[in-house]
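Everything on this sheet refers to the single structure shown next.
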Amino acid sequence: MGVRLKDRLGAGPTLVVGAVVVAIFALDALLAPLVAPHDPLHGELARRLLPPVWMGGSADYLLGTDGLGRDVLSRLVWGARVSFGLGLAGAAIAAGVGTALGMVAGWWEGWLDGLLGRLADFLLAFPMLIFAIGVITALGSGFWNLILALSLKSWVEFMRLVRGQVLAHKQLVYVDAAHALGRSGAGILAWEILPNIFHGVLVLATLRVGYLIIAAASLSFLGLGVQPPTPEWGAMVNDGRNFMLSAWWLSTFPGLAIVVLVLGLNLLSEGLHELLDPRFRDPGIPR
Amino acid sequence: MRITTLGSRLLSTLLVMLAITIFVFLVMRWLPGDPVDRILGGSGQVSQQQLRALRASYHLDQPVPLQLVNFLGDLLHGDIGESVVYNRPASQVILEHLPATAELAVAATFFAIGVAAPLGVAAAVWRGSWFDRLASAGSYLGISMPGFWLGIALILVFAVHLRWLPVGGRADPGAEPAGPTGFLVLDAILHLDLTALASALAHLILPAVTMGSVMLAVLSRVLRSSMIEELDKEYVALALAKGASRRRAIVCHALRNALIPSVTVFGLELGTLLGGNMVVETVFGWPGVGQLAVSSIFARDYAVVQGVVLLYALTFAVINLLIDISYTKLDPRVSF
Amino acid sequence: MKRAWITFVFVVASVLTLTGCGGGQTGSGAGAAPTRSGGTIVVALPASLESYDPAMYRSRPTEAVLANIFDELVVRLPNGRIVPDLASSYQQLDATRWRFTLRRNVRFQNGQLLTADDVKFTLDRVSQPNQVDGKTSLRQSLLPAMDPATVEGPSSLIVTLKSPSPADILLAGLAHIQIVPAKLINGEGSTAFAAHPVGTGPFEFVAGQLDDETVLQRFPGYWGGPPQLGVPGPARLDRVVFKVIPELSSALAGLTSGSVQIVQGVTPDQVRSLKANPAVVVKSYQDTNTVWFAMNVAKPPFDRVQIRQAMNHAININSIVNHIYDGQAARMTGPVPPFSSYYDTSLKPYSYDPAEAKRLLAAGGYPNGFSLVIDTTAPYQDAAEAAAQDLQKVGVTATVRLWDVTALRQATLAGQRQMALMSWGNSFRHPFDLLNPTLGSGQRGNFADYSNPQVDSLLAAAATTTDHAKAAADYAKVQQIIYQDAPWVFGWAPKAIEAGSARLRGWQPGPDGMELLVHVSMNGA
């Protein structure tokens, strides 16, 4: 859609707001041991289900305690590591695999391209949540099992994006020039084309981080997430659901954390898109 | 040319469906435990001999390749097998749950389009205004919201605290009109049953809003940008110059063309809507196909899971086909 | 007129039948009984039903519904005692033969009289292989192995067991077998019957979808029920709707708003806030499930008895019962729960004693502890995490892993788990359906991979003797051995909690989540 860029979002602060939000969460994840007031894994049953401080709770536990007496705030803080980590790792794997396969498919085309195309059709038509539930049921809960279950489909988009870009760039002058200089196909792909299409991958990857955080949380919500007592926001929402009538804050805060981080990631992605859009840098690409 | 394109599309769709069928069959067999174990559960003294006999009576003692061959053979005759949990043909079980899911999807779509269309158009017409910015912020929030959490939040506010709307389910207990369509709203109208109609509508609101929110956010953004593009084109100015009213120019000329990208996005979102409804159906206790799929995986109800996956894949293929066809309707330049 | 030859064992019952004796009336609203007070109630069930065919289900929600449509030969009262129901009396003829005499004038909801043929048909349909559309009944294992029953007369039949079996095991099983009409099923087939079940119970089936709602209405021709249940004649309520609401908070919100009257499966956390609501009453009763940590005795570190005993001292079961269950559970001291009549009262629970646990760990060769994964399922996640925290205190690095229950059972039985927090039902309230499957060598619930020839032979002897005292002695011996051997960390038996509208009268939740609604009425309905 050839939309004028400035019109896309009323322009402007998107990138900054997104970057700041994401940076705050990233810092929170990195510095969790310093930020969190308590151990997120240990609680005393004797002080379970304390309300947040403004509802008569204790100042020691600002956001109250959960069903096992663990500090909700500390679990939220540490949860950033897990949830953000899930999103980042998942997106990195998907982007890596998808980009590599996309470059191969776009550059050499042929039977491999056809095969990957059919595989992509297959994966897109397969209800992935059902598959993910199957994987977790068979392998058990856990961080890497969750990533495995989620990555299986998410690389397809990267492959399609990169394949299309490679097909387009193949016909450009600079690639011909590289050929003339006697560089190998793999060399041209890695050193000439990849840098030129990387921004697209980056924009999509940023978007995918948010998407994967939500997907992982949804699986956790169905009881198929990370291994307890690991604090993961989706699992925290799910745990809190049992106390929905008596302790609404247990599922509200981790849910809010997901919304804010994913919102930040979406804004960042859009901002990057505005900043890096190929139509500014490579006006020569046919569209 | 058109015929052959369509033909090869259908063929490749068929192949993909076959691959999906075999794949889900194998995934289900790969899961530890079988339906008999699940049904017997954690109680009772069952001798090994009784256990073997039970498994055999469900044909679970056969080797997996043979089971697969039998399954594919039955599939050729349109038989997707028997639900072990419900002791009935799996197709019947799935069909019983289909109206609930379809009704929710339709309601969510109505909600999404109904709000997104005016929102997107207005944001485009008054671009840069506070309204545009607000709508844009809202749409960002919409796509950033996990469905399960939005559902819980809506339940907490509107059902638990305000008590305006029911917490879950499709109808008040006992208020379900019997048939004939399975769509409760339609059935209630057919039976002229106002109580049932009110109950069905009230139960639809929160799940439909939850489900439709992402589609609403995406659609309104796409519609806004394509409207802006169209409004900038010469023909709109031309239509205005010819004396068409501004409203007519926007609705009849610009909107028609702006709808094309929206239809693609709508179709893709509808696919996610149908495939992603497990979570929302779980939150609202909505007795649809999504919830059936989740519980059937845990129950190792092989035939039902296979049937649901096949149904999803089929829906996905049909939607993609419809998107392509709708292009030709909306834009005479496109043909396929 | 038929009253003339009523010869019930219970005199009261015959009087009660008068009120319910709408004769052969069938269908809805035909006979107005004097005791009715009308009204509709909605019961929220935590999980979907499995079938309307009484031979093809195992789950409790299914039984909660079917027990209102059907009757059994004998019935278990809320206090746990088993009394005659459709049977007016029963008599053991010798080691393997039993005579059941039926009540007369009992009618199915389609108007047919209950005869011994129906009971024979029901028992054979469950006990003999491949009787339900070629499949074997899922309830076969609830009955001891038996020959096809022999009909003696219109209301008397003989049941012959393949080998001797204690009376309480046979009766406990029969209390779960709902009697179905032979002629109807022979005529229309099992599939049609499962779509519209017909029984002799106080409510008749109107319509339903297994995982949504089931609507029942009062059966005016109900025979009245066993007098021990205190039931004068037909049901009071006009209609009962069983609604599957998996989300507890949804069900409870329905209860507070008045659209639901009974909620099963309430968790202990909810009790306090529910009790504060004057419109709600909370009832809890001892359930029959047992929960325990099975340790894989075939592999290190749990191949050493000291280590297994150390675990019993290290995990603070009382704290789990008091905090996570809010006191709504009974602690187990050995493998048999306290509510069982075979419970060995001489055993004292393992004390919570981290120092003793450390001493035993050292004695067993693990002075520095070890690392451990506790595998469990979602319902027991909190308890497993609490236990993991306790184990940290004695140097055992424990984490928790969640599985779907079928997968976990499979993996644990294959010996792939160290410690699994599992549950096993004991609806017979008899050690037979608890100890045999969970501690007998190679059995379906033997998650600890425990194998002890002495225990096997004691269990086998107790399950085949008709001498109650000898069985009790055998079971006591087994309990002492298992207590010492400690293949489990002995856990707890949760109570079941249900919440209901304060307007309900006569509501007493039955054992095993059976919701016997015949004597329930609604105030002000």
Answer in debye to the nearest 20: the dipole magnitude of the protein assembly as shown about its Cα centre, from +1 Lys/Arg and -1 Asp/Glu charges placed on Cβ, is 1000 debye
So, counting K/R as plus one and D/E as minus one, what does the shell of residues with Cβ under 15 Å around A:TRP107 add up to?
-> 0
Total formal charge among the other residues, if their Cβ is under 15 angstrom from that of C:ASN452, Lys/Arg +1 and Asp/Glu -1 = -3
Output ordering of C:89-98, C:168-177 (per-residue mean of other Cβ within 10 Å, highest first) is C:168-177, C:89-98
Which value in nm describes the separation of the simple spin-label points at C:ASP303 and C:ASP117, placed 7 Å from the Cα toward the beta carbon?
-> 6.2 nm
Cβ under 14 Å from C:ALA407's Cβ, C:ALA407 left aside: what net charge do those residues give with Lys, Arg +1 and Asp, Glu -1?
-> +2
Give the whole-number value, in cubic angstrom per residue, of the convex hull volume spanned by the C-alpha atoms of chain A.
-> 157 Å³
Protection proxy (average C-beta count within 10 Å per residue), highest first, orders C:397-410, A:117-130, A:187-200 as C:397-410, A:117-130, A:187-200
Partner chain Cβ atoms within 10 Å, averaged over the residues of B:45-53 - can you pull that number for me?
-> 6
Value at 222 nm in deg cm²/dmol, rounded to 500, when DSSP H runs of n ≥ 4 in chain B each add -39,500 (n - 2.57) | -23500 deg cm²/dmol
Neighbouring partner chain Cβ atoms per residue of A:213-223, average, 10 Å criterion = 5
Give me the orientation-averaged projected area of the Cα convex hull of the protein assembly as shown, in nm², one decimal.
-> 49.8 nm²
Rounded to 10°, Cα long-axis angle of helix C:354-363 versus longest principal axis of chain C = 60 degrees
Principal-axis tilt of helix C:468-485 within chain C, Cα atoms, nearest 10 degrees = 30 degrees
Calculated P(r) tail over 20 Å for region A:147-287, as whole % of Cα pairs | 60 percent
Distance violations [Cα-Cα > 24 Å] among A:LYS170/B:LYS233; C:LYS135/C:LYS243; C:LYS283/C:LYS477; C:LYS358/C:LYS495; C:LYS348/C:LYS477 = A:LYS170/B:LYS233; C:LYS135/C:LYS243; C:LYS283/C:LYS477; C:LYS358/C:LYS495
Pop the C-beta distance of A:ALA23 and A:TRP54 into the FRET formula with R0 = 25 Å and round what comes out to the nearest 0.05.
-> 0.35
Under the definition of partner shielding as Cβ atoms of other protein chains within 10 Å of a residue Cβ, what is the mean value for peptide B:153-165?
-> 3
Extending each Cα 7 Å along its Cβ direction at B:LEU15 and B:VAL69, get the distance between those two points in nm, one decimal.
-> 2.5 nm
Taking only C-alpha pairs under 8 Å that are 6+ residues apart, what is the relative contact order of region C:66-110 in percent?
-> 25 percent
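Every number here is computed from the coordinates shown, using simple stated rules; none is lab data. Everything numeric in this text was worked out from a predicted model, so none of it was measured. Glycine also receives a Cβ, built like all others from the backbone with ideal geometry; neighbour counts cover every protein chain displayed.
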